[in-house]
Amino acid sequence: MSDPDRELLDRWQAGDREAGNELVRRRIGEITWFFRNKVTSESDVPDLVGQTFLGCLQAAAGFRGETSVRRFLFRVANNVLYDYIRKKSKRQREQLDFAAVCVQELDPRSPSSIIMRRREGQAFVQSLRQIPVADQVVLELMYFDGLSGREIGEVLGIPEGTVRGRLQRGLARLRQEVQTQLDAHRQVRGGEAVQVTVEDLERWAEEVKALRKGDVEGE
């Protein structure tokens with residue numbers, strides 16, 4: 001099937017600026033949301049989005065259609081994110097392990113820019129920032145962007161089996177982190193103990209998706 005995004009990218013690479021503008025209009029919402037929960041300041045997001053689209057154009061010559069343009073953009077965005085984290089990290093001289101470092105470590109005072117109505121939903125998005133970036137990326141691509149294990153593998157350039165391992169590890173870490181936050185809140189405010197389940201995580205992810213949909217469609 002014809003991919004409208006591929007046609008736009010090809011025309012943009014050939015010098016058609018309007019085609020580039022149209023590709024940006026089509027994809028800027030989800031690329032913006034890719035970064036929103038992974039930065040220390042919301043003001044950093046527009047620059048990272050701009051870097052992503054510029055990087056997409058610069059890398060277009062090497063794109064052979066091995067995946068969709070949408071997933072290709074996510075691949076570029078992930079590279080931009082990793083560069084951002086390297087620059088922000090206090091361990092700049094070290095080789096960062098993205099399976100260990102988390103966004104919250106960059107600035108422990110920085111909250112998620114995603115504001116949820118309920119305490120549980122807010123604990124969910126904040127907890128995503130407190131698990132390793134490699135796990136956060138695969139979970140958000142699954143939860144918020146609806147990508148399958150195979151598609152996430154195309155984005156990250158890793159086997160589907162590796163993706164599934166990261167998802168399993170990330171889910172366990174995320175559930176534990178949300179549980180810790182909710183337990184701490186209960187100890188301070190009182191209330192009944194609640195055991196966080198995978199189904200709870202999926203429900204809160206759907207709430208974030210609904211918020212994102214309204215934001216993207218409102219652009």
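The values are calculated or read from the model by the stated rules, or taken from the named source; none is laboratory data. For clarity, every value in this text was computed on a predicted model and none was experimentally measured. When we count neighbours, we look across all protein chains shown, and the Cβ atoms used for this are built from the backbone with ideal geometry, even at glycine.
Among the candidates Phe98, Phe72, single out the residue that is surrounded by 15 or more Cβ atoms within 10 Å (Cβ to Cβ) and outside any helix (DSSP H, G or I). It would help to see each step written out before you state the result.
Details: Phe72 fails: outside any helix (DSSP H, G or I).
Only one candidate passes the filter, namely Phe98.
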Point to revise | Test: Leu57 is closer than 28 Å to Asp3 by Cα, at pLDDT 95 or above and over 18 Å from the mean Cα position of the chain (by Cα) | key: yes
Exercise for review: Look at the stretch 27-77 and say how many of its residues are of a type in the set (D, E, K, R) and touching a residue at least 60 places away in the same chain (Cβ under 8 Å).
Suggested key: 8
Review point. Checking Gln51 against (1) at pLDDT 95 or above; (2) in contact with a Cys (Cβ under 9 Å, 6 or more places away or on another chain), which single condition isn't satisfied?
Key: (2)
Check your understanding: Would it be correct to say that Leu81 is crowded, with 20+ Cβ neighbours inside 10 Å, part of a helix (DSSP H, G or I), aliphatic (A, V, I, L, M) and touching a residue at least 40 places away in the same chain (Cβ under 8 Å)?
Key -> yes
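Here's the yes/no breakdown for (1) at pLDDT 95 or above; (2) among the small types (Gly, Ala, Ser); (3) farther than 28 Å from Leu211 by Cβ; (4) within 17 Å of the chain's Cα centre (by Cα):
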site: Pro4; (1), (2), (3), (4): no, no, no, no
site: Ala19; (1), (2), (3), (4): yes, yes, yes, no
site: Lys38; (1), (2), (3), (4): yes, no, no, yes
site: Tyr82; (1), (2), (3), (4): yes, no, no, yes
site: Lys87; (1), (2), (3), (4): no, no, yes, no
Point to revise | Candidate set from the stretch 122-168 (those that are β-branched (Val, Ile, Thr), over 13 Å from the mean Cα position of the chain (by Cα) and in a helix (DSSP H, G or I)); member that is surrounded by the fewest Cβ atoms within 10 Å (Cβ to Cβ) | key: Thr162
Check your understanding: Can you tell me how many residues in the stretch 36-69 are under 16 Å from Val138 (Cα atoms) and either small (Gly, Ala, Ser) or in a helix (DSSP H, G or I) (or both)?
Key -> 1
Review point. Somewhere in the stretch 188-198, is a residue crowded, with 19+ Cβ neighbours inside 10 Å, at negative phi and out of contact with any Gly (no Cβ under 6 Å at 6 or more places or on another chain)?
Key: yes
Check your understanding: What residue, of Val216, Val194, is assigned to a loop (DSSP other than H, G, I, E, B), more than 17 Å from Phe98 (Cβ to Cβ) and hydrophobic (A, V, I, L, M, F, W, C)?
Key -> Val194
